[in-house]
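Down below is the structure, laid out as structure tokens.
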Amino acid sequence: MLTKEQVSCMVKGKGTKLATVTFRRKDGTIRVINGLFKPVSKLVGSDRGVTQGKAMKSRGQIPIYQVSSKQWKSFSANQVLEIK
């Protein structure tokens, strides 16, 4: 399991590049998401989206844009097994 500091550095290092994140979900199952931490599209967040993003970060969650489903997902920084 990676530390929160390691996860933070890896997320910043990926920037707009595609990343594969493997993490443990609350129910104990393993999940893999391919996505972007900073999409280069022209998506504009609403005030509600910005508020949700801040709330997620305060809970230690990291948002990721899943390319296959074209949706935002999130994972807990303290449950990450690997980031490629």
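For the range 71-84, the set of residues classified as among the charged types (D, E, K, R) and over 12 Å from N34 (Cβ atoms) consists of E82 only.
Looking only at residues of the range 13-55 that are in a helix (DSSP H, G or I) and either modelled with pLDDT of 90 or more or of a type in the set (K, R) (or both), we find that the one that is farthest from Q79 (Cα to Cα) is R48.
The values are calculated or read from the model by the stated rules, or taken from the named source; none is laboratory data. In this text, all values refer to a predicted model and were calculated from it rather than measured experimentally. Here the Cβ is made from the backbone with ideal geometry for all residues, glycine too, and neighbour counts use every protein chain on show.
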